[in-house]
Amino acid sequence: MKKEQVAHCQFSLWYPLFKAVTIRSVILPLPENVKEYLLDDGTLVVSGREDPPSHAQEGSDDAEEIQWSDDENTTTLKAPEFPEFTAKVQEAISSLGGSVFPKLNWSAPRDAYWIAMNSSLKCKALSDIFLLFKSSDFITRDLTQPFIHCTDDSPDPSLNYELVLRKWCELIPGAEFRCFVKENKLLGISQRDYTQYYDHISKQHEDICRSIQEFFKKHIQYKFLDEDFVFDVYRDSRGKIWLIDFNPFGEVTDSLLFTWEELTSGKNLKGDQSEGEATEQDYPVFRCTNSKVTVQPSPYLSYRLPKDFVDLSTGEDVHKLIDFLKLKRNQQEDD
């Protein structure tokens, strides 16, 4: 996998070419100070609130302070604000119906969905996006090591980081599929949510495979910037196929029910096809979870943290935070 192939999968490069067959989206340049904030390893303090909380006036009886330390020189933690960027993001969210699915040039924060209040990637404000992005290893990798799995020694391509906001759509996991293309030939199709068994996929796999193959030939083949790539699609209730995303053809992309050795060498792929399928030229191999016995836990579970830790890190439960600070102070006194 070459660096150029990874660069070609950036959202802003392929979206104009396939706008008619994918979900409506808005692309905003990511300011350098926002990038620095996302990479800051300090305490997770979420910025970008649409309606910042009002502060009690000095001397007010309602004013309440949490003493973080007995040290008089201790400064109060305060989230940075990006008023201009916040306004642009909110305007974009409104233009897309009020709810969006966020991502950067390549990745979405799928590994951080659990930290959101709604346990979803559905965002209505910049603060929702920041919470997901700052909690995501996928986003950090985009920002720091986008070419980590590349094999060529060429200089890293110049990058302009962007916030991608996609109109929120309620997508059924059992209707998403990943497609693997080598030398502009569709080699294989895998059930996207391979950890679950979906009865309709097993029953309709021939129709699903045929409709994806037709979509590929009509809208994708020979039109992408590379001849080796991976693309994700969604098949709606009417059987219509929608393009969701492009990914590099290599180990940085999850091969799901295939292995990268199979996909790169072509070995063991033809053996999956029935005699009727094998007679059709360029017919892709289709793989899905065929039994409830093979159901697996979600691969994103390993990124989760205990709820108490999440409450502390986000400041969601003030009482837990106060108890934690008191415990730390008592431990210091004992020492």
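The values are calculated or read from the model by the stated rules, or taken from the named source; none is laboratory data. None of these values were measured; they are calculated from a predicted model. Virtual Cβ from ideal backbone geometry, glycine too; neighbours counted across all protein chains shown. Surface areas here come from the heavy atoms of the whole protein model, side chains and all, with no ligands, DNA or RNA. Shrake-Rupley method; radii C 1.70, N 1.55, O 1.52, S 1.80 Å.
One residue alone among Ser158, Ser136 is of a type in the set (Ser, Thr, Tyr) and within 17 Å of the chain's Cα centre (by Cα), and that residue is Ser136. Cβ separations smaller than 6 Å between residues 6+ apart or across chains give the following pairs from region 138-165 residues that are among the polar types (S, T, N, Q) to residues that are assigned to a helix (DSSP H, G or I) and open to solvent by less than 90 Å² (accessible area, probe 1.4 Å): Ser154/Lys3.
Each residue in region 248-267 was checked for being open to solvent by 30 Å² or more (accessible area, probe 1.4 Å) and more than 18 Å from Cys9 (Cα to Cα), and 8 of them qualify.
Among all positions in region 179-190, there is at least one residue which is out of contact with any helix residue (DSSP H, G or I) (no Cβ under 9 Å at 6 or more places or on another chain), open to solvent by less than 10 Å² (accessible area, probe 1.4 Å), polar (S, T, N, Q) and not in a helix (DSSP H, G or I). Entry remark, region 92-109: residues being part of a helix (DSSP H, G or I) and either out of contact with any strand residue (DSSP E or B) (no Cβ under 9 Å at 6 or more places or on another chain) or among the polar types (S, T, N, Q) (or both) number 2 in total.
Just to be sure before I move on: is Leu165 within 20 Å of the chain's Cα centre (by Cα) and either among the polar types (S, T, N, Q) or in a strand (DSSP E or B) (or both) in the structure I sent?
Yes.
Restricting region 3-24 to residues that are farther than 19 Å from Leu159 by Cβ and under 18 Å from the mean Cα position of the chain (by Cα), the residue that is least open to solvent (accessible area, probe 1.4 Å) is Thr22.
Scanning region 100-154 for residues that are open to solvent by less than 30 Å² (accessible area, probe 1.4 Å), of a type in the set (Asp, Glu) and either outside the structural domain of Gln90 (by the TED database) or in contact with an Asp or Glu (Cβ under 7 Å, 6 or more places away or on another chain) (or both) yields a count of 1.
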